[in-house]
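Since the structure comes first, as structure tokens, the remarks are kept for the end.
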Amino acid sequence: MILDFSMSVRKIYSSKKYCKNPFFQKRRSRIQGMSGKKKLTIAGMIVLVFVIFNFLFFNSYFLADNIIIEGSERIDEYKVYNIVNKQLQQKRFLFLNQQNIFSFSKRQVKKEILKNYLVDNLEINKNLPKTIKISFNEIIPAAVWCEEEQYYYIDSSLNVLLKIESLEINTNDFIVLKSADRKPQIKTQGVNKKVMVGEEYLRACLGLAKRAKSINLNINNICEINKPEATVDLGVNEGPKIYFNIEDELEKQFKKLEVLLAEKIKGDGLKKLEYIDLRFGEKIYYK
């Protein structure tokens, strides 16, 4: 006969025996110790944190109503202000008002400014009780890029710095580059935009414009880029277009132009020409 003790054996716990357990007595003493003074202390700390939190984040004294912008020269201050003001209208962590200087997100505003403008040393500081200060250095443009009747300042790496109005452009200060085939060349890279024609074309146009001024050649500061044919051309005021081969030595081509102007085309003869083509070796073609 086999007896099954698994169903018949039961453990009986005595409350008296259980209470005599030293481990249980320590737990009971700790629980009992939470009453009274310690509970009041914890409750007081919770109330204090709540009061401080409300004072800092829900007090009109800390509402940002003074925005200072420093470093703006070509960038309109109101455009930066609009970025800040838009952020002030947002919520943070679903319930915090970003008009409060403590909950205002500097990181998000910095990201948005850099998305729209290429600037150096961008700093955003909160000056208590209600001032937000934004400072930066504008990157000096190297030239102007023209595309679809829109104009943009660009740096020496062809990064788009700022969209500008055509009436603001002083072509005596900047050379204006544009694509001969009129296809859009501005592409987005990350958070920035860049003109995708190649930096060698910018260097060529800047160099040629500088050389033209050195011999008092009256160019109109518009340099046209023909990337499929690897050429650039300068326009002479009341005169011809001058074609250069980007894949050949530009200085050598310009020397040919100097010789042509000095020996064969003098006075008003330049104004009568339609073009001067320097792209084919030692030969010069003009009409």
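All told, Gln108 meets the bar of being surrounded by 13 or more Cβ atoms within 10 Å (Cβ to Cβ), without any contact (Cβ under 8 Å) to a residue 24 or more places away in the chain and under 14 Å from Asn125 (Cα atoms). Scanning the range 143-180 for residues that are over 20 Å from the mean Cα position of the chain (by Cα), charged (D, E, K, R) and under 17 Å from Glu73 (Cα atoms) gives Glu168, Asp173.
Does Lys178 meet the test of being free of Cβ contacts under 8 Å to residues at least 24 places away in the same chain and in a strand (DSSP E or B)? So Lys178 does not fit the description; no.
Among the residues of the range 107-152, those identified as closer than 30 Å to Phe55 by Cα and in a helix (DSSP H, G or I) are Arg107, Gln108, Val109, Lys110, Lys111, Glu112.
Taking the criterion of being out of contact with any Leu (no Cβ under 7 Å at 6 or more places or on another chain) and either of a type outside the set (A, V, I, L, M) or outside the structural domain of Ala64 (by TED's automatic domain parsing) (or both), the residues of the range 84-103 that qualify are Asn85, Lys86, Gln87, Gln89, Gln90, Lys91, Arg92, Phe93, Phe95, Asn97. Counting only residues that are over 20 Å from Asp155 (Cβ atoms) and crowded, with 16+ Cβ neighbours inside 10 Å, which one in the range 113-134 is modelled with the lowest pLDDT? Restricting to residues being over 20 Å from Asp155 (Cβ atoms) and crowded, with 16+ Cβ neighbours inside 10 Å, the top hit is Lys130.
Note on the range 181-202: among residues that are without any contact (Cβ under 8 Å) to a residue 24 or more places away in the chain and not in a loop (DSSP other than H, G, I, E, B), the one that is farthest from the chain's Cα centre (by Cα) is Lys187.
Yes/no matrix, rows are residues, columns are (1) charged (D, E, K, R); (2) modelled with pLDDT under 90; (3) within 24 Å of the chain's Cα centre (by Cα); (4) part of a helix (DSSP H, G or I):
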site: Arg28; (1), (2), (3), (4): yes, yes, no, yes
site: Ala43; (1), (2), (3), (4): no, yes, no, yes
site: Leu48; (1), (2), (3), (4): no, yes, no, yes
site: Glu73; (1), (2), (3), (4): yes, yes, yes, no
site: Ile83; (1), (2), (3), (4): no, no, yes, yes
site: Lys86; (1), (2), (3), (4): yes, no, yes, yes
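When the range 213-243 is filtered for residues that are touching a Phe, Trp or Tyr at 6+ places or on another chain (Cβ under 8 Å) and either outside the structural domain of Glu149 (by TED's automatic domain parsing) or crowded, with 20+ Cβ neighbours inside 10 Å (or both), the ones remaining, listed by number, are Asn221, Ile225, Thr231, Val232, Asp233, Leu234, Pro240, Ile242, Tyr243. Scanning for something closer than 16 Å to Asn127 by Cβ, among the charged types (D, E, K, R) and part of a loop (DSSP other than H, G, I, E, B), does the range 58-71 turn up at least one residue? Yes, there is a match, as at least one residue in the range 58-71 is closer than 16 Å to Asn127 by Cβ, among the charged types (D, E, K, R) and part of a loop (DSSP other than H, G, I, E, B).
The values are calculated or read from the model by the stated rules, or taken from the named source; none is laboratory data. None of the values given here were measured: they were computed from a predicted structure. We place every Cβ from the backbone using ideal geometry, glycine too, and count neighbours over all the protein chains shown.
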